[in-house]
1. Given a Förster distance of 30 Å, report the FRET efficiency between Gln67 and Asp183 from their Cβ-Cβ distance, rounded to the nearest 0.05.
2. Please list the non-local residues whose amide H lies under 5 Å from the amide H of Val29, H modeled 1.01 Å from N, same-chain partners needing a gap of 5 or more.
3. With the crude spin-label approximation of a point 7 Å out along Cα→Cβ, what separation in nm comes out for Thr139 versus Met196?
4. Under the rule of at least 5 residues apart or a separate chain, name every residue whose amide H is placed under 5 Å from the amide H of Val133.
5. Å³ per residue of the Cα convex hull, for the chain?
6. Grab the chain and count how many Lys pairs have their alpha-carbon atoms under 25 Å apart, sequence gap of 8 or more, or different chains.
7. Using the 2.2 N^0.38 Å rule of thumb for compact globular proteins, work out how the range 86-179 stacks up: its C-alpha Rg over that value, please.
8. How big is the gap, in Å, between the Cα center of the range 60-97 and the Cα center of the range 140-200?
Amino acid sequence: MRIIGLTGGIGSGKSTVSAYLREKKIPVVDADRISRQLTAPGSPLLPAVRILLGEKVFHEDGTLNRQAVADCIFSDRELLRSYEALITEETARRCLEELRQLEAEDRWPAAVLDAPLLFECEMQRYTDENWLVQADPETRIDRVAARDGIARKAICDRMQRQMPDQEKASLADVIIDNSGSLDELYQQIDRLLERMENET
Ligand code: ATP
């Protein structure tokens, strides 16, 4: 089974690509979903998050306030590193577990690992090739602002704290340009899938 890493900065279009790949019957392991499960109510990791970031990142009902976590870790490099060590290592381990399960099913020619922090967490060690979704920054900001209804400044701040696109591009095997229409995006994916089919 060929494992494809799929990554990209905020609002680049990873989820859109993942959804299209799922439509094409390619299984997708979603690192974001796994990481959300790890911080869901009752997760054994929550007490460690409370010690690291404090009560301020929790809602009154005890659930994690993801926006408060983001505000907290993205304004302090040390905290970001500690939080990543806590959550992302376990996320990476569980991603690998799910990929192994898919492999054991022995019926998928390919599977995708959708991971916003693929390179940052060195998850490319699990993949055979890596696809980077890119779009020009203004387009990404417009799309995220429309999707989430948050201020452009907050999106820019988050963008600036992410690994620069150029660095990501140097680690990727394939660059998918998502500055255009959805049709243009899907055509690129179709071509990649066609190439993969011809290679197997
Ligand atoms: P995040 O990093 O924030 O999770 P993402 O990389 O998964 O984002 P998406 O959610 O797929 O990005 O895309 C961001 C927004 O832009 C979504 O609302 C999506 O529907 C929209 N979008 C993605 N690609 C296109 C496109 N080519 N044309 C128009 N809208 C698009």
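1. Rounded to the nearest 0.05, the efficiency is 0.35.
2. Here the answer is Val112, Leu113, Asp114, since their amide H atoms fall under 5 Å of that of Val29.
3. 2.2
4. Under 5 Å from the amide H of Val133 lie the amide H atoms of Thr7, Gly8, Ile176, each far enough along the sequence or on another chain.
5. 128
6. So the count works out to 6.
7. In units of the 2.2 N^0.38 Å rule of thumb, it is 1.25.
8. Centre-to-centre distance over Cα atoms comes out at 23 Å.
The values are calculated or read from the model by the stated rules, or taken from the named source; none is laboratory data. From a predicted model like this one, the values you see are computed outputs, not experimental measurements. Every residue, glycine as well, gets a Cβ built from its backbone with ideal geometry; the counts of neighbours run over all protein chains shown. Each accessible area value is taken on the protein alone, full model and side chains, heavy atoms only, with ligands, DNA and RNA left out. Shrake-Rupley method; radii C 1.70, N 1.55, O 1.52, S 1.80 Å.
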